[in-house]
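The structure under discussion appears below in the form of structure tokens.
The values are calculated or read from the model by the stated rules, or taken from the named source; none is laboratory data. This structure is a prediction, so every number in the text was calculated from the model and none was measured. Here the Cβ positions follow ideal geometry from the backbone for every residue, glycine too, while neighbour counts run over all protein chains shown.
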Amino acid sequence: MFSNKPLRSSQDSWIYTDAPGPASAIDIYTDSEVTVQNGTAGILRCTFKSSEVVTKDTTVTWSFQSNQPDHQYSKAPYVIYYFSNGKEYPGTDEFKERLRFIGDINKKDASIQLSPALFSDNGTFFCDVKNPPDVTGTQARTELRVVLKESMPQSNTKIIIGAVCGALILLIFIAVAACFAIRVLHNRHDYEG
């Protein structure tokens with residue numbers, strides 16, 4: 001893509017050059033790692049930034065490469081989902097019935113849901129988006145870890161809520177004790193004087 005760009009010379013005359021214009025690039029974002037419990041639904045998020053308006057020419061490609069050496073998809077990434085011209089094209093049989101597009105291309109969201117996630121899904125998922133003329137960019141990747149329930153990272157929410165409640169109860173107890181102590185001291189002062 002070339003354009004005539006005027007350049008100003010030192011003598012205040014105009015020179016034109018056929019220099020390439022700025023390259024159109026697309027930025028694609030995913031979570032670096034997603035952990036999902038075996039047998040449950042897992043969401044693989046993919047969003048993108050493009051200087052161009054999303055059109056019917058926008059395409060989304062999701063690929064998968066297993067991290068298990070004996071798996072059929074361990075040698076190279078295989079396309080498991082393709083979206084083009086407003087239509088979905090499911091990929092391999094292994095994912096066809098379990099993969100669902102949950103994004104909104106018009107909102108620059110190309111996320112998918114995998115349900116149920118299986119241990120054989122452990123590996124790298126690649127999201128690639130082309131939004132012509134923004135076609136230059138690096139596909140984003142997500143490492144999916146499918147684990148047993150016992151292996152899921154535990155949330156600290158319960159611990160935090162318990163600590164906050166405990167601190168509030170302690171503060172209330174201290175306030176009541178302080179009021180009681182002030183009242184006792186005040187009553188002693190009334191008896192003495």
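Consider the range 96-110 and keep the residues that are crowded, with 19+ Cβ neighbours inside 10 Å and not basic (Lys, Arg). The one that is farthest from the chain's Cα centre (by Cα) is Leu99.
Against the conditions (1) within 23 Å of Gly39 (Cβ to Cβ); (2) among the charged types (D, E, K, R); (3) outside any strand (DSSP E or B), Lys75 satisfies every one except (1). For the range 147-155, the criterion of being at pLDDT 90 or above and touching a Ser or Thr at 6+ places or on another chain (Cβ under 9 Å) is met by at least one residue. It is to be established whether one or more residues within the range 66-77 are surrounded by fewer than 16 Cβ atoms within 10 Å (Cβ to Cβ), farther than 17 Å from Phe119 by Cα and either at pLDDT below 90 or outside the structural domain of Glu143 (by TED's automatic domain parsing) (or both). Yes: the range 66-77 contains one or more residues that are surrounded by fewer than 16 Cβ atoms within 10 Å (Cβ to Cβ), farther than 17 Å from Phe119 by Cα and either at pLDDT below 90 or outside the structural domain of Glu143 (by TED's automatic domain parsing) (or both).
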